[in-house]
Structures are given as structure tokens and as C-alpha cells.
1. Before anything else, pin down the relative contact order of the stretch A:298-380: Cα pairs under 8 Å, at least 6 apart, normalised by residue count, whole percent.
2. In angstroms, what radius of gyration and Dmax does the stretch A:72-116 have, counting Cα atoms only?
3. Counting every Cα pair in the stretch A:133-219, what percent are over 14 Å apart?
4. Compute the orientation-averaged projected area for the stretch A:470-565 from the convex hull of its Cα atoms and round it to one decimal in nm².
5. Can you give the helix-only mean residue ellipticity at 222 nm for chain A, where every DSSP H stretch with n ≥ 4 adds -39500 (n - 2.57) and the sum goes over all residues, rounded to the nearest 500 deg cm²/dmol?
6. What aspartates and glutamates sit close enough to residue A:119 to cross-link, taking a C-alpha to C-alpha distance under 13 Å and skipping anything fewer than 8 places away on the same chain?
7. For chain A, state the average projected area of the convex hull of the C-alpha atoms over all orientations, rounded to one decimal in nm².
8. What length, rounded to one decimal in nm, is gained on full extension from residue A:400 through to residue A:465, with 0.36 nm per residue of separation minus their alpha-carbon distance?
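The values are calculated or read from the model by the stated rules, or taken from the named source; none is laboratory data. For clarity, every value in this text was computed on a predicted model and none was experimentally measured. We place every Cβ from the backbone using ideal geometry, glycine too, and count neighbours over all the protein chains shown. The accessibility values were calculated without ligands, DNA or RNA, using every heavy atom of the protein model including side chains. Shrake-Rupley method; radii C 1.70, N 1.55, O 1.52, S 1.80 Å.
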Amino acid sequence: MRFTDGFIPTLREDPAEAEIISHKLMVRAGLLRKVAAGVYSWLPLGLKVLRKVEQIVREEMDRAGGLELLMPALQPAELWETSGRWQAYGDEMMRLTDRHEHSFCLGPTHEELITSIAKELRSYKDLPKCLYQIQMKFRDEIRPRFGVMRSREFLMKDAYSFHADQASLDRTYEAMQSAYSLIVERCGLSFRPVKAAGGLIGGAVSEEFMVLADTGEDVVVYCPDCSYAANLDTAASKWHTAAPDEPLKERVKVHTPEKTSVEEVADSLNISSDRLVKTLIFKTGEKTVAALLPGHKGLNPVKLAGILGVGEVALYEEDDFKARPDLISGFVGPVGLSDAVIIADHSLKTMRNFVVGANVKDYHWRDANVDQDFGVDVWADLVYAEPGELCPECGTGRLEQMRGIEVGHIFQLGVKYSDKLNAKYVDDGGIERPFIMGCYGVGVSRLVAATIEQKHDDRGIIWPASLAPFDIHLLLLSKDEEVKIDADNVYEELSSGYDVIYDDRQVSAGIKFADADLIGMPMQVIIGKKWLETKSAEIKLRATGERFEVEAGDLLKWIKDRRQRD
RNA sequence: CGGGGUGUAGCGCAGUUUGGUCCAGCGCGCCUGCUUUGGGAGCAGGAGGCCGGAGGUUCGAAUCCUCUCACCCCGACCA
């Protein structure tokens, strides 16, 4: 395409609204324009990239046995009421009412809808099936940000699989796992699959695909010595040492006036904070939960929510304490605690003679012990894994952290939705059973942003060949009429085998160079001074900056060879 | 929603503290002409803004007051 026929509005300056590099570059390079908070128009150049990612995703899904379909974005409330998520999804769901006062939402995800469709699968003979679509999703994010990285309307590939047994689900899950790796690899990105929490979508087994980038919103904990990698939300570690072999003592009440924080109590008793057990009180619907963990560790609320099987947990606030006069803020402890579920971190099993709150203002117990002084209802991993701690899998590597962008997430759902929505098939014994399900998502539009986040320099975007909107950027730098005619011919010639953007604008060379680097096609073919002298073009590779002089007659062959090599 | 901040030409900004010197200004971009053409050219001329919106104070408001809307950043959420 001739530049003058295209619509590529490039900007010299960074837009004020953009914070991260990919957002700045997407606006500056003319891929994207903002319409409202978290809502964007994709301009022609941006759409070309989006379509390329979409096509890669489609090809890999098809190869993995997926069947494409298209469901509506507009969905009736009734469907969501049967699964209970019309309420559960909360403010994040975009809701609307039609002229007949019927409630609808713009789909934030499609488990409900796909499950209703899957009811057509009647027999175990129809299984397994994996259905997918590539479609706009709508989520009224609390805080949209970073351009299309976290927007309220975004392109997603979502797939759902239906199985008669766990082994079948495992096979599809693995096929998706490798399909996802291939998708991210084909986009030319370095990434890491990591263990993840199910969240609102739910499910026991789940993995996220993280594109590594400093600006990523997620933290990945990984082991440099083995393959272990997990989202910080779920990452485990081996950190507590064996029990000090000291005899159990009788607990003693100590006066700790005004000492409410871990540090203050530890200081006033002249002990280190790891000899103190803190008790955090949470409310989860009807229940009150007391979480016990060592004083020097941080509580991971995602783990706690997972153990309790709820979407999120909320710490007790002032008003909650007023409603429970037996709980004294700052002095809460497990000894004598009633009407609360006690969940303790595994590390407490090996702790002895520790300090806990006494449930009396200004007092703590010292030399308290599990069993002897209080019981524990649930043992669990409640704490954050920290860098430097030992890997939970190999046991020898020291964990490290890095940031990542979640571009894909796969889940084993089990019967969570099929049960509620009464989606069943008949097994070989003639008995009705709910489908065993999996679901698999890729953020297609986010993948575009993630690519730029990883592939750019201070001049602009560096597209990998697989996603570049054009293969070749042809620059005409001479005003000479004959050279112009030659350049037109080169454009025709290259266009026979490649998608070419031809900068035929009447602007200075500097502008053409700057725009070419900004919009980032992998290969620039420059026709300028040397053409007059030797009929040769200069080829510049965007990624490395390498330049080659190639004679007119050799252009096609040179480009073909080079592209095969790369 | 809580905390912080910003709305002035297509984009990036100054002016607001201390009302008048602003029927609003700068850089980039845009239009016309001439010159220029290998890393964001020069000269000359020109177009473009009811200063986010509504109301108020005042002889006079981009500037002060009230209300309102939008957007951005920090937190909980997630592809």
C-alpha cells in the first residue's frame, strides 16, 4: 500500500494519557485512538496486527482440535441468574435494559452461554468437544489503564471443552497448554507458564501464560534451578526451619499496654517477630475466620480466599469489631476464641512457646502452644512466598521474582458450571452426569500490547515478522523523476510476494526514516542516492539496525533468502 | 469507592497564585507560495480555540465562588 493512500496518523510526541511504553507507541504509531476510559478505536494499522494475532490463535486452536463458533456479546440476565453469577459478578458486569424492561449484560465471559449450547451434546459418544470463539468481551474494570492492556472492551479468544471423564479433560488441557505456548512463541515473545489461582472463574487446576516485562501487573515467582513457576498469589515456598527442640512451657499472661502491632509487642517483650503468632480476623459472609501466621510473614489473601472457597476475603474493620466485643482489636488471639473458624499456617506446627494476643485489652500470652492452648480447624499455606526462600518443588533452588503480563489463562473447571446449569450427558451405563469442563482464554488485544512492551527501542516498535502489519517498508528518498519511476516498479515487484508499505510522501528523508522506525516493519528498503549511482537499494533491518547494499536485480532474491534465514 | 491530580487549537503545553496589560499565547502539526531533499528543512503568508459544561460574583472572569461532567495516577479486580 502507498503511504499516501493509507491512514497512518503518526505523532511526534507522547500522548499525555499514556503511562507505559506500549500504550505510548500504539498511539504514536497510529494503531490506536482513545474513545473513553478503557475504550479504544483500532486504526487500520493496529487492526492489521490484531487480525494477525487472531489468525495465529485461530490456527493453533484449530490444530489442537478446537471448533470455532460465535456467541452473542448481548446476553439475557436469566442465563446468569441460573448460575448465580448475575449477583456474584457484581459491578464488573456491564448491564443494560431493553425497551421491554428486560435485563441484559454485555458478556464478560461465556461459560453460561456455552454451557447452554453444550446441552446439545447428549451422549458420551458426542464427547469430548472443544468450542471456541474470538470476540469482544466487556468488563467494567474498576480502573482501566495502560491502553488496551486493561481495557473495558477487549478482544478475547475463549474456548470451552466438555468431557466425560477427567482423563479426557487432562488430554485437552495438555493440548491447550502446548497450543498456548505455540501461540506466544509465534508472536516472538519470551514467556513463562505459571501456576495460578482460579479466581472468580474457578477451578482447581489452572495456569497462566506470562509474557515477561518489567511493566507487567503480575508478579511471577520462579525457581532458577527447576521448572517451578507460579503467580505470587499462589506461589509456595519452603521457608520455615525445623522446630527448636525446646520443651513446651505453660502459657503466661503478660502486660503489653498499647502494644498492638507485631513490632511493638516483639520489642516490648524483647523477642524477635518470628516468635510471635499474629491473628488476623476476616469476615466471609456469615462466618468469622481467624487466620494465624508467624509475625514476620505477610498473609496472602488470595490463598485464604481459595481455602475458604470464596471470591475474596475482607479484614475486620472498626465496625466489625464493635459487633464482636469479645474480639479486641490489636490483642486478638486463638486462646479461648469462640465462634470463629481457626485457620493456621503450616509453619505453626513446628513453632513452640510463641506469643499470641490474649483477647483482653493490653495483654498477650507468651509461651502459648498449639493443642495445649488452642485447637486449629484448618491447616493451610497462608503466606506469601518471598525471594530467596527455597523452591517448593526441587527444594534446593532459591526462589526469584519477575514481573509478567498475563496473556492467557487455562482452567480445569470440573463440574462447577455444568452442575449448576444442569448441563448433562448420558454415560455408557445410561446414567446422566454433568459434563467435566475446561476453559481457556487468550487476551488477543492484550497480546498486541504485550508484544510492543517486549519489542521496542527508543525509536519505536520492532515488530516480529509474524505480527508486522507489512513485511516491507519501502522508502523513496529521491525527488528524481526517473528514480521515482524505478521505485514505483520496485514497489510493484515486491508486492507480488510481500505486503509492502511504500512511503511515497513528499516529505523530507528524516520524517520518512523516523516514521519507518516508529511503525516498525522488520525490513526497510531504501531507494535514494545510491540508486542514481549504482542502481542499488539499501536494506535496513529494524531489529538490529544492520544495513546492506543490494542491487536492483537481486532485491527479491536477497529478501527471500534473508526472510528464510530469520 | 477512597486518596492524589488534570481539563486552554488536531497533538504537547504556558497563562489561573495576585481578575483588566489576553476580543488568549507558544512549540509541533495543518493550508498557500518559493527554496530545500539520506535522519523530524528554511523563508514568507494563512487557517484553526464560545479556555470541559452550567450557574453565580464583578464595571470586567481562562483566572474568584457553587454545582456538574470527563480524563489521568496510587489501591482492590483480571485476558
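1. Details: 96 pairs, mean separation 22.9, N = 83.
Relative contact order for the stretch A:298-380 comes out at 28 percent.
2. Cα-based Rg and Dmax for the stretch A:72-116 come out at 9.7, 27 Å.
3. Above the 14 Å cut-off, the stretch A:133-219 has 75 percent of its Cα pairs.
4. Working: hull surface 22.2 nm².
Orientation-averaged projected area of the Cα hull: 5.5 nm².
5. Values: 15 runs with 149 residues, N = 566.
Counting only the DSSP helices, I get -7500 deg cm²/dmol.
6. Straight-distance partners of residue A:119: A:111, A:419, A:432.
7. On the way: hull surface 135.4 nm².
Spelled out: convex hull of the Cα atoms, projected over all directions, averaged, 33.8 nm².
8. Details: separation 65, 0.36 × 65 = 23.40 nm, distance 3.20 nm.
Here the segment from residue A:400 to residue A:465 would lengthen by 20.2 nm.
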